[in-house]
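Quick notes on the structure that follows.
The values are calculated or read from the model by the stated rules, or taken from the named source; none is laboratory data. Being a predicted model, the structure only gives us computed values, none of them experimental. Backbone-built Cβ (ideal geometry, glycine too); neighbour counts: all protein chains shown. Remember, those area values only see protein heavy atoms, side chains included, never the ligands or the DNA or RNA. Shrake-Rupley method; radii C 1.70, N 1.55, O 1.52, S 1.80 Å.
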Amino acid sequence: VSLIVTEEAKAAIKNFELPSELGFGQVLSPIMAVCDFKNGEWQNLEILPYGPISIDPICQVLHYAQEIFEGMKAYKVDNKGPFLFRPEQNWIRFNKSAERMAMAKVPQEIFMDAVMEVTRMSKDLIPSNSGESLYLRPFMFATDSGLGVKTSKSYKFMVVASPSGSYFSKDSVSVLIERELIRACPGGIGAAKTGGNYAGSLASAQKVNKLGYMQTMWLDAINHENIEELSGMNFFSVINGKLVTPKITDTILDGITRRSIIQLAKSLEIEVVEESLSITKLIDKIKSGECSECFASGTAAIITPIGFLAEENGTKYELPTIDNSIATKLRQTLLSIQEGRIDGPEGWVVTVK
Ligand code: COI
């Protein structure tokens, strides 16, 4: 497989001006990486100008949702970097998702070359304030034509990139406890980073938005009792000074930020508990004051404190605002590593040359 950078892509980068208002995932780098899988083989990896692609109306992905994606970031704060954070973990998870969705696996070289080259070519477009980054979105979808439900034999793997600010427009996130709908069931696809999980969250997101809140908190499918995750991020709480987070099962997305936070917390001598966490127990602990913090974690969300949990009937369980919170300490440590101010564990930060 060769990497081909087209002249059109180079020209697109040269002519691009970064808008002053970024938001999240709104402004796109003017290039994209594309690699097709057909006849059992990966074709050349091409860097093209960003733009529409043509697909058949009966392309499998449009009907049966055979699709997966990743979220990762390149950091270039204070002119250091660009740095990627644990990119091989995204590649590993991408192929786990591919396996669950019966898709072709992407070789490490193609995944990394695509991410690296898009980052390298976009390096002058990476915003430089702490917390800002180039959000990278590798994705792959089934391109066989036909209305029979079957495993596609051809796929398109792509990487696009978005110079982005923070995911949330506020400093904290408000969360609705979803007591009716469910996100994932044992044996299902909840652990795969596939579009269908996010599509399935939107009906709840509509309720959440109507009530003026920001994220859904999903409970387990069987008893509607144990906390799983939020729609696009993992969930953490601090109970009696310990960091408590639902343990990973096949119904929860195994967050790379989540895993990194757990490792950092342990190195900061914060006790970490990974176990099933009941919503009833959490509410009791919030009311008693034993639960002092809740926060969301993810590549996009970084670490964002949760201001309150709410029920559909309007009942709210507020978290106190505290100085020197564990969330703040972990967020600062994580960002300092990602942005290259302090050294993290071996191999976490990869420089894009
Ligand atoms: C990420 O955090 O990168 C994600 O993929 C979540 C997405 C909903 C923004």
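Some values worked out for this structure:
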item	result
Extreme residue, farthest from E17 (Cα to Cα), among residues of segment 94-105 that are touching a residue at least 60 places away in the same chain (Cβ under 8 Å) and under 19 Å from the mean Cα position of the chain (by Cα)	R100
Residue within segment 263-277 that is among the small types (G, A, S), surrounded by fewer than 20 Cβ atoms within 10 Å (Cβ to Cβ) and closer than 28 Å to G81 by Cβ present	yes
Residue, most open to solvent (accessible area, probe 1.4 Å), within segment 153-169, restricted to residues that are within 16 Å of the ligand (Cβ to nearest atom) and over 14 Å from L48 (Cα atoms)	S169
Odd one out for L134, checked against (1) touching a helix residue (DSSP H, G or I) at 6+ places or on another chain (Cβ under 7 Å); (2) surrounded by fewer than 22 Cβ atoms within 10 Å (Cβ to Cβ)	(2)
Members of segment 186-213 found to be closer than 23 Å to N95 by Cβ, part of a loop (DSSP other than H, G, I, E, B), open to solvent by 10 Å² or more (accessible area, probe 1.4 Å) and more than 12 Å from the ligand (Cβ to nearest atom), listed by number	P186, G187, G188, I189, A191, G200
Failed item, numbered, when I261 is tested on (1) assigned to a loop (DSSP other than H, G, I, E, B); (2) within 16 Å of the ligand (Cβ to nearest atom)	(1)
Conditions (1) farther than 20 Å from Q89 by Cα; (2) buried (at least 16 other Cβ atoms within 10 Å of the Cβ); (3) charged (D, E, K, R): number failed by E339	(1)
Residues that are assigned to a helix (DSSP H, G or I) and either crowded, with 19+ Cβ neighbours inside 10 Å or not charged (D, E, K, R) (or both), drawn from segment 6-24	A9, A11, A12, I13
Only one of S204, S172 that is free of Cβ contacts under 8 Å to residues at least 40 places away in the same chain and among the hydroxyl-bearing types (S, T, Y)	S204
Wholly enclosed strands (runs of 3 or more DSSP E) of segment 132-181 bearing at least 1 residues under 30 Å from P107 (Cα atoms) and at pLDDT 95 or above	133-142, 155-164
Yes/no for R258 being within 23 Å of the chain's Cα centre (by Cα), within 28 Å of F24 (Cα to Cα) and open to solvent by 60 Å² or more (accessible area, probe 1.4 Å)	no
Flag for P87 being open to solvent by 20 Å² or more (accessible area, probe 1.4 Å) and either within 16 Å of the ligand (Cβ to nearest atom) or over 17 Å from A114 (Cβ atoms) (or both)	no
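A quick yes/no check of all residues on (1) farther than 26 Å from G340 by Cβ; (2) exposed (fewer than 14 other Cβ atoms within 10 Å of the Cβ); (3) within 16 Å of the ligand (Cβ to nearest atom); (4) more than 19 Å from the chain's Cα centre (by Cα):
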site: Q26; (1), (2), (3), (4): no, yes, yes, no
site: K38; (1), (2), (3), (4): yes, no, no, yes
site: P57; (1), (2), (3), (4): yes, yes, no, yes
site: E70; (1), (2), (3), (4): no, no, yes, no
site: Y75; (1), (2), (3), (4): no, no, yes, no
site: G81; (1), (2), (3), (4): no, no, no, yes
